[in-house]
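This report refers to the structure that appears directly beneath it.
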Amino acid sequence: MEAHILERAAVVEVGSFYSKVGFAGESGPRHIVRTPPSLEGQSGHHKFLRRLFFNLLQVNPGDTPVFLVEGLLTTDRTRDNVLEGLLGELAVPSVTPIPHSLAAVHAAGLDAALVIDIGYMDATAIAVVDGAPLYHTIQASRSAAKLVGEHIQAVNPDLPGEMVHDVQAMFCKVALTPEPGALPEQDEATVQLRQHSVQLGRIQTSAAELMFDSSLTDSDSVPELVLKSLLLAPREARPGLASKLILSGGGAMIPGFEARLLAELERLVLEDPRFERLRGVAVGNSKQLFGCSAVIFEPNCVGWGGASILASVKGITWAQCGRVSRDNYTAARAQDGSIPRSLVPGWNHLHHANLMEEEATPVTQTHKPSRWQVA
């Protein structure tokens, strides 16, 4: 019976721009759909989740346990709305939250790596050591896909908003060198796309440059995120983390992103005094300090793919990894409909209870932090 349930388990990842849904053990999501821009409140989440299960997966949610991939910057409100939709509205048997960073490491077949997620709204970096995300190493920035889209829209003000993402996916690329005018022959190039004229020469490489040059924006660049996160990691783990970078998120799929990132990391370590503590690590290694680990999944599906692998592994004690059953969720509901944070705590609630309650029980006594140990 347990094997049958695991085979039917659904893996759901609700992103800020795209959402992915499929079944555990499969090599890729069944469907990648646009997350509704107006996904606000419980009613919006419930409607969207019903579409995922009834229209796309076409399964009975009451018989389908769910593995939920959670991003680092997922808000408590969004998390609560999704859980209420799954456990309260659709009445799925259980929900098991899986951190995106941890899923990405398992997708690469590793137990330690530095995960770089270039999403739509934000870019994040976090170190994972021995299968445990080191949350004190989190670094976040606005240098993500949305910033690239805003530049495309500014250069082409008459371009419809729904076409901006298509232009980014079809034409943008990352230049290996940051010098301006690297492609002078394309400065005035334009293309016709769905009866709209797109000034390609002005955005082909300059749009993605916003993710690598912090002087063009009000936030850290992606290479700076990586190095700051690396400095917060344990000293003895830094060489291994630097050589095992995992790229995830749709923004990392821009052609030339990986090569430019590695080049910028090496340059900043040697030239920027903020990262001089990493220079000894670079000199002490006979090989290149930074390297990206190979992953069989596309970057935009790395988190979902790792969760699919984890959900199909036997021997994991899911009750110790944050799994919440429908019965426990219903029993813990208060009269006002709220759910205690200790039942389904996020990564930022693992060590602190409600400070407004003098006799509150610490969350660590009621919930064991995720370790994902395989027997």
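A few points about this structure:
- Using θ = phi - 60° in the Karplus curve 6.51 cos²θ - 1.76 cosθ + 1.60, the 3J(HN,Hα) couplings for region 147-164 round to 5, 5, x, 5, 5, 4, 5, 5, 6, 10, x, 8, 7, x, x, 6, 9, 4 Hz; x is entered for Gly and Pro.
- With every protein chain in place and a 1.4 angstrom probe, the accessible-area ranking of 18, 135, largest first, reads 18, 135.
- Heavy-atom surface of region 56-132, accessible at 1.4 Å and reported per residue (Å²): 29
- Computed from the Cα positions only, the extents of region 210-288 along the three principal axes stand at 31, 23, 20 Å, in decreasing order.
- With a threshold of 26 Å on the Cα-Cα distance, the over-threshold entries among 47/173; 146/228; 20/228 are 47/173; 20/228.
The values are calculated or read from the model by the stated rules, or taken from the named source; none is laboratory data. Please read these numbers as outputs of a predicted model, since none were measured by experiment. We work out accessible area using only protein heavy atoms, side chains counted, and drop any ligands, DNA or RNA first. Shrake-Rupley method; radii C 1.70, N 1.55, O 1.52, S 1.80 Å.
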